[in-house]
Each structure stands twice: as C-alpha cells, then as structure tokens.
Amino acid sequence: MSTEISTNVSKQTVLQTKKKFKWGSIIPFLFISPWVIGFFAFTFGPLLFSLVISFFNWPIVGETKFVGFQNYIEMFTNDPYFWSSLAVTVKFAVLFVPFNLIIALFLAILLNQKVKAMSAFRTIFYLPSVISGVALAMIWAWVFSGEYGILNYFLSFVGINGPDWLNDPNWALVAMVIASLWGQGTMMLIFLAGLKNIPQNLYEAASIDGAGKVTKFFKITIPMLSPIILFNLIMTIIAAFQQLTLALVLTGGGPLRSTYFYAMYVYENAFKYFKMGYSSANAWFMFIIVLGLTFIVFKSSTMWVYYEGEMKNK
Amino acid sequence: MKFGKSLNYTILIGFSILFLAPFFWMVTTAVKTPDEIYLFPPKWIPSDIQFGNFMKAWTIQPFNTFLMNSVIVTALSTIGQLISSSLVAYGFARFTFKGRDFLFMVLLATMMIPWEVTMIPLYMEFNYLGWINTLKPLIVPSFFGAPFFIFLLRQFIMTIPKELDEAAKIDGANHFQIYSRICMPIMVPPLILVAVFQILGSWNDYLGPLIFLNDQSKYTLTLGLSQFRGMFGVDMESIMAVTFLICLPPLILFFIAQRYIVEEVMDSGLKG
C-alpha cells in the first residue's frame, strides 16, 4: 500500500490541488449521490405518488378520476374486508410480537452462558433465519399437515390430538405465528449482542449485595437491555404489520379468511382487482398506523427504557 | 450447580430439536418413496432412500431457467449493493457538510416505510420504464444503496482511525483513492456481511418477483417453488426435494460465512 501512496505523491501538482479545492464542496455529494438518487426514485417519489393516487380512482387501464377522500371513506364505511383483515393483522401482532420478543430474549440468555458447544447451539438456533419465506412456508405446510405432520405427531406424545392446523379457521393464524417464530434468529442475535455488552461488574456488585438470579434479571439485565428491547419491539411490530409471504403461500388467506392479513388485502386490491388508488389509500392507512404505534412506543419508552448515558457520560 | 448445568443442556438440546426437526422432516420426506410419506406415526428414516427424487422433481418445471434467473439477480444486485452502499457510507462517515445529519436521519427513517406503500408506484414506475417482466426491477435498485447496509458500513468506517486518511491525503491521495485503496481493504469483514445479507435477500425474495414478473421464463426459484404447491398432481416428495435444493445455497453460505454473520451482527449491529 505504501508504494501506491508514494506514486501518488509524484503525480500531484499544484494545479491539481487548486482544482481539488474548487471541487471539494461537491465531493461529499458525489459519494452519497447514489443513495440520494435512489431515495427520490425508489422511496420518496413513490411515497408521495402513492399519497396522491390515494385520492384518485385509478384503475390500471382506463380513466383516472380525482375523488377526494372517497377511497378513505369507502374503506372505513363500506368494506367489510378492510375491518376483517385489519383484525387478523392485529390478532397476529398481539400474538406474535410478545412471543417473539420473549422467545428471542430467552434464547439469547440461554446462549449467553459459558458452556461448551455454545457456538453450535447458536448456529442451530439461527439456521432457520437464512432460508426464504417460501421455503419456510413449504416446510411448515408439511409440518402442519393434520394427518401426517410431525407437529401433531409430537403433540400426540403429550396426549394432545392436534388440529388440522392450516384448514381450521381457529388455528391457521396460530400456525402462522408458530412458523414465524421459527425464523426469529436475527432478533436473538441482537439480544445476545446486548447481553454481552452488559458489564459483568454490575452482576458481581449485585451478588455482593446478596441479589438472587431473579432480582439480577429484573434489576440489571432488563434495564440494561431496554434500549435493545425498544429497537426489537419496533422492528417486530413493523414486521408483523407487513406479514404477507406466509399467508400467500401457506393458506392464500383462508380458511374463511382467518389468515387474510391486511397486507394481503392491500396486495389483492392492487394486483388482483387493479384498484390502484383504493389500494394506495389502504397502504397509507397502514403506514399511519405503523407510524402511530412507533410514536406511542417511543413516547412510552421514556418510562421504561434506561439509557446508560443518562447516568454517566460515555 | 451440576443439576443446573445439565438442565441447561436439556433446554438447549430441546430447542435444537425444535429448530432442526422441520429441516430433518424436509430432507427425509424428499428422499422417500410415495408409500412411506403418508404414514402415521411418521417414519423418520426412509427404508429405501430415493436420490432420484431430486432429479425427477427438478425437471417437472423449468427449474434450470429459474435457477439461472435467481443467480443473475443475486449476483448483480450483490455487486451493486457492495459498490453503492460502501460509497454512500464513506460519504456519510468521512465528510462534514451541511444537512448531513438530517440526511442520515432521513436514511434511517426510510427503513420504517412499509413496502406496501411504495409497491404500487414502483410497479407503475417500472411499467413506465418497460421493466415489468424483466429482471431489472430486482437488480437496479440495489445500485443505489440500502439504508441498513449504509448504516452498518458507516459505523465501521467511523472506527477506522482518521490518521490513515490524513497520511494518505498528505501523500496526495484524493477521496476516491482513500475510499478504494484504504477503506475498502479494511472494510472486508463488514462487506462480507453485506454481501451475505444481500445474497440471502435476493435469493429469498418472493414479493418482488411476484409483483414484477409475469412469464414463467423470467421466474426466480422462490416464485417457481411457490407455483409448485398449487399445481395439480405434484407430490409431497417432489415439493420437499425442490425446497431442499433451494435451501441448500443459503445454508452452505451460512456455514461458510457464519463467523462473519454471527459476530459482525453482534459487534457492529447495534452500536450507534
């Protein structure tokens, strides 16, 4: 490397220095320009456009017509699938978000011990996270099979006669939660990273003061981990609201629309019924819900998230 | 104490079985004869292992074409992502300019936008450009960086001592040379992480191909696999055989790059 740099020395001239000075102010923008262009072309532009067409009757072919708030009024007052799909998504989120956080945290704590072969266990727990949503759905479709699936086989050991998961309106959504939990590895790793960053001397000091395991968990682990819990909570909520692949591949929204997620409703309005304006209104409503939830979580976080920096400067 | 440790292992092994059983179930089904598939209680080890199932299943649909499309999309988008995200990350990490912190906030905020909101305009945009039913919508956006990768790489660049840059600057290197000759070689570990995540993301992507591709000749593997399930007369061993083959590259990649994935996620993932 040093030879390369020294050849550059010989190349440099006074003229270039002057030129560089002139160009200096736009160089930073040259570096970030790919993102800036991409932001306008693939994120911000579409975001605005989506808001605009949500006020239009916009079929994929044919005439577009400005309709004001008609799309929004229509979905709130005259579309049963809007409410039912929203209910399905909320139900999914209520089940999935807490379970996902608790299981990911539990597994991370399990993995944060000093025992042999820990990295092997870490690998195994993360493994499902690297395969695709479709492959995951294919595998679980077979695992959930009512008559021949291994899930019901395992359940039969403890005397439970398992349902026909994917064909039972009472259980199909639960099945999706289970399949989603299988791929929770990333969240687990993030928790594990957080656990490793907690200074050991906190625990030692607590031990000297006579704190037991449970006390240490609630008085040290949870507060120290709370910023990461916040991050994971928000990410899980966002993910729950966008759940679509599993439903599309596993059940197609059925049985009896028990897994007809809000995201699927948006998708079908756009690409099955080609109501682009209406579907954009649906999507914006979801965006606002997600923003609102994130805002509430952030606001409440001052009550339960503990930032180390508040106590001592990093 | 002893009891606690063996309890730990019991729990760890119990969870390992839960995580591995579906994989094992897939593999064992893939090599079964038809009459051993529909048995209850299930048969874990097939008595007659049918490796021919893989070949048979692969030829039911033009999976070679799908494979080719998946490889093209994955390779090109990974190249694009490595170049663009590292450039942008360098820009955010190594310069101070007006509005930088605001822009970076915007960049992070875009991670929260649900894809449903941009899906329809993107479809229209790509339609306008004549890109629908081509692989371009799945490739081109990768050449403009992804917020998460930019964030990851920026965090890493900020840990590289500025003295290195200064030294190179004195020797007459310009910013592009500092980026390409100094930062890039040091950045190899997080770049591997970006590459792995992008490869997994592209390979596993389902909604992108579903929305932007129509003709079977353009399908990627995930899309081909999903069509498989609804097809009449496709048997379970074929579905599991193809699923297994599609899972294989990500699993192999994961085992090769494990150290980077697990440790880099843990090291650089959340320090901000």
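Could you run through segment B:219-243 and say how many residues are surrounded by fewer than 19 Cβ atoms within 10 Å (Cβ to Cβ) and either at the interface with chain A (Cβ under 8 Å from one of its Cβ atoms) or not aliphatic (A, V, I, L, M) (or both)?
Applying the first criterion (surrounded by fewer than 19 Cβ atoms within 10 Å (Cβ to Cβ)) to segment B:219-243 yields B:227, B:229-236.
In the following step, the residues that additionally are either at the interface with chain A (Cβ under 8 Å from one of its Cβ atoms) or not aliphatic (A, V, I, L, M) (or both) were identified as B:227, B:229-230, B:232-233, B:235-236.
Residues in segment B:219-243 being surrounded by fewer than 19 Cβ atoms within 10 Å (Cβ to Cβ) and either at the interface with chain A (Cβ under 8 Å from one of its Cβ atoms) or not aliphatic (A, V, I, L, M) (or both): 7 in total.
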For segment A:78-92, what are the residues that are more than 18 Å from A:ASN170 (Cβ to Cβ) and in a helix (DSSP H, G or I)? A:PRO80, A:TYR81, A:PHE82, A:TRP83, A:LEU86
Checklist (1) farther than 30 Å from B:PHE66 by Cβ; (2) in contact (Cβ under 8 Å) with a residue 60 or more places away in the chain applied to B:ARG181, failing item: (2)
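Just name the residue that is nearest to the chain's Cα centre (by Cα) out of those in segment A:65-123 that are farther than 30 Å from A:ALA193 by Cβ and among the basic types (Lys, Arg).
Here is the first cut: in segment A:65-123, the residues farther than 30 Å from A:ALA193 by Cβ are A:65-88, A:90-91.
Next cut, among the basic types (Lys, Arg) only: A:65, A:91.
On the way: A:LYS65: 35, A:LYS91: 16 Å.
Among those that are farther than 30 Å from A:ALA193 by Cβ and among the basic types (Lys, Arg), it is A:LYS91.
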Is it the case, given these coordinates, that A:ALA108 is under 30 Å from B:THR220 (Cβ atoms) and either in contact (Cβ under 8 Å) with a residue 40 or more places away in the chain or in the same structural domain as A:MET235 (by TED's automatic domain parsing) (or both)? no
All conditions in (1) within 13 Å of chain B (Cβ to nearest Cβ); (2) part of a loop (DSSP other than H, G, I, E, B) are true of A:LEU192 except (2)
Which one of the conditions (1) among the aromatic types (Phe, Trp, Tyr); (2) buried (at least 20 other Cβ atoms within 10 Å of the Cβ); (3) touching a residue at least 40 places away in the same chain (Cβ under 8 Å); (4) within 12 Å of another protein chain (Cβ to nearest Cβ) does A:TYR267 fail to meet, given that it meets all the rest? (3)
Set B:ILE178, B:ILE150: member being under 21 Å from B:THR74 (Cβ atoms) and in a helix (DSSP H, G or I): B:ILE150
Considering only segment A:24-31, I want to know if a residue exists there that is modelled with pLDDT of 90 or more, within 30 Å of A:PHE271 (Cβ to Cβ) and surrounded by 14 or more Cβ atoms within 10 Å (Cβ to Cβ). no
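Quick grid of which residues meet (1) aliphatic (A, V, I, L, M); (2) over 20 Å from B:PHE126 (Cβ atoms); (3) assigned to a helix (DSSP H, G or I); (4) within 14 Å of another protein chain (Cβ to nearest Cβ):
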{"position": "A:PHE42", "(1), (2), (3), (4)": "no, no, yes, yes"}
{"position": "A:GLY45", "(1), (2), (3), (4)": "no, no, yes, yes"}
{"position": "A:LEU48", "(1), (2), (3), (4)": "yes, no, yes, yes"}
{"position": "A:LEU51", "(1), (2), (3), (4)": "yes, no, yes, yes"}
{"position": "A:GLU63", "(1), (2), (3), (4)": "no, yes, no, no"}
{"position": "A:TYR72", "(1), (2), (3), (4)": "no, yes, yes, no"}
{"position": "A:PHE76", "(1), (2), (3), (4)": "no, yes, yes, no"}
Among the residues of segment B:11-29, is any part of a loop (DSSP other than H, G, I, E, B), over 28 Å from the mean Cα position of the chain (by Cα) and without any contact (Cβ under 8 Å) to a residue 24 or more places away in the chain? no
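Rundown of residues vs (1) in contact (Cβ under 8 Å) with a residue 24 or more places away in the chain; (2) within 13 Å of another protein chain (Cβ to nearest Cβ), yes/no style:
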| site | (1), (2) |
| --- | --- |
| A:ASN161 | no, yes |
| A:LEU166 | yes, yes |
| A:ASN170 | yes, no |
| A:LEU173 | yes, no |
| A:GLN184 | yes, yes |
| A:MET187 | yes, yes |
| A:LYS196 | yes, yes |
| A:GLN200 | no, no |
| A:ALA211 | no, no |
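Rundown of residues vs (1) out of contact with any strand residue (DSSP E or B) (no Cβ under 8 Å at 6 or more places or on another chain); (2) of a type in the set (Ser, Thr, Tyr); (3) farther than 20 Å from B:PRO137 by Cα; (4) modelled with pLDDT of 95 or more, yes/no style:
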{"residue": "B:PRO209", "(1), (2), (3), (4)": "yes, no, no, yes"}
{"residue": "B:PHE212", "(1), (2), (3), (4)": "yes, no, no, yes"}
{"residue": "B:GLN216", "(1), (2), (3), (4)": "yes, no, no, no"}
{"residue": "B:GLY224", "(1), (2), (3), (4)": "yes, no, no, no"}
{"residue": "B:GLN227", "(1), (2), (3), (4)": "yes, no, yes, no"}
{"residue": "B:MET231", "(1), (2), (3), (4)": "yes, no, yes, no"}
{"residue": "B:ASP235", "(1), (2), (3), (4)": "yes, no, yes, no"}
{"residue": "B:SER238", "(1), (2), (3), (4)": "yes, yes, yes, no"}
In segment B:129-145, anything in a loop (DSSP other than H, G, I, E, B), away from every other protein chain (no Cβ under 12 Å) and without any contact (Cβ under 8 Å) to a residue 24 or more places away in the chain is listed as B:GLY130
Looking at segment B:97-111, which of the residues that are free of Cβ contacts under 8 Å to residues at least 40 places away in the same chain and facing chain A (nearest Cβ under 8 Å) is surrounded by the fewest Cβ atoms within 10 Å (Cβ to Cβ)? B:ARG100
Are there any pairs, at least 6 apart or on different chains, whose C-beta atoms fall under 7 Å, with the first in segment A:127-141 and free of Cβ contacts under 8 Å to residues at least 60 places away in the same chain and the second assigned to a loop (DSSP other than H, G, I, E, B) and surrounded by fewer than 24 Cβ atoms within 10 Å (Cβ to Cβ), and if so, which? A:PRO128/A:GLY183; A:SER129/A:GLY183; A:SER132/B:TYR206
Please go through segment B:62-78 and give me each residue that is in contact (Cβ under 8 Å) with a residue 60 or more places away in the chain and surrounded by fewer than 20 Cβ atoms within 10 Å (Cβ to Cβ), ordered by number. B:PRO62, B:THR65, B:LEU67, B:ILE72, B:LEU76
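Scan segment A:216-227 and give yes if some residue there is within 10 Å of chain B (Cβ to nearest Cβ), at pLDDT below 90 and either at positive phi or touching a helix residue (DSSP H, G or I) at 6+ places or on another chain (Cβ under 9 Å) (or both), otherwise no.
Step one: of segment A:216-227, the residues within 10 Å of chain B (Cβ to nearest Cβ) are A:227.
Those left that are additionally at pLDDT below 90: A:227.
If we keep only those that are either at positive phi or touching a helix residue (DSSP H, G or I) at 6+ places or on another chain (Cβ under 9 Å) (or both) as well, we get A:227.
Checked segment A:216-227: at least one residue is within 10 Å of chain B (Cβ to nearest Cβ), at pLDDT below 90 and either at positive phi or touching a helix residue (DSSP H, G or I) at 6+ places or on another chain (Cβ under 9 Å) (or both).
Just wondering, is there one or more residues in segment B:34-43 that are assigned to a helix (DSSP H, G or I) and either touching a Phe, Trp or Tyr at 6+ places or on another chain (Cβ under 7 Å) or at the interface with chain A (Cβ under 10 Å from one of its Cβ atoms) (or both)?
Quick first cut of segment B:34-43, residues assigned to a helix (DSSP H, G or I) only: B:34-37.
Right, trim to either touching a Phe, Trp or Tyr at 6+ places or on another chain (Cβ under 7 Å) or at the interface with chain A (Cβ under 10 Å from one of its Cβ atoms) (or both) and you get B:37.
Yes, there is a match, as at least one residue in segment B:34-43 is assigned to a helix (DSSP H, G or I) and either touching a Phe, Trp or Tyr at 6+ places or on another chain (Cβ under 7 Å) or at the interface with chain A (Cβ under 10 Å from one of its Cβ atoms) (or both).
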Given the conditions (1) crowded, with 16+ Cβ neighbours inside 10 Å; (2) without any contact (Cβ under 8 Å) to a residue 60 or more places away in the chain, every one holds for B:PHE176 apart from (1)
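The values are calculated or read from the model by the stated rules, or taken from the named source; none is laboratory data. Computed from a prediction, not measured in an experiment: that's the story for all the values here. Cβ: placed from backbone, ideal geometry, glycine included. Neighbour counts: every protein chain shown.
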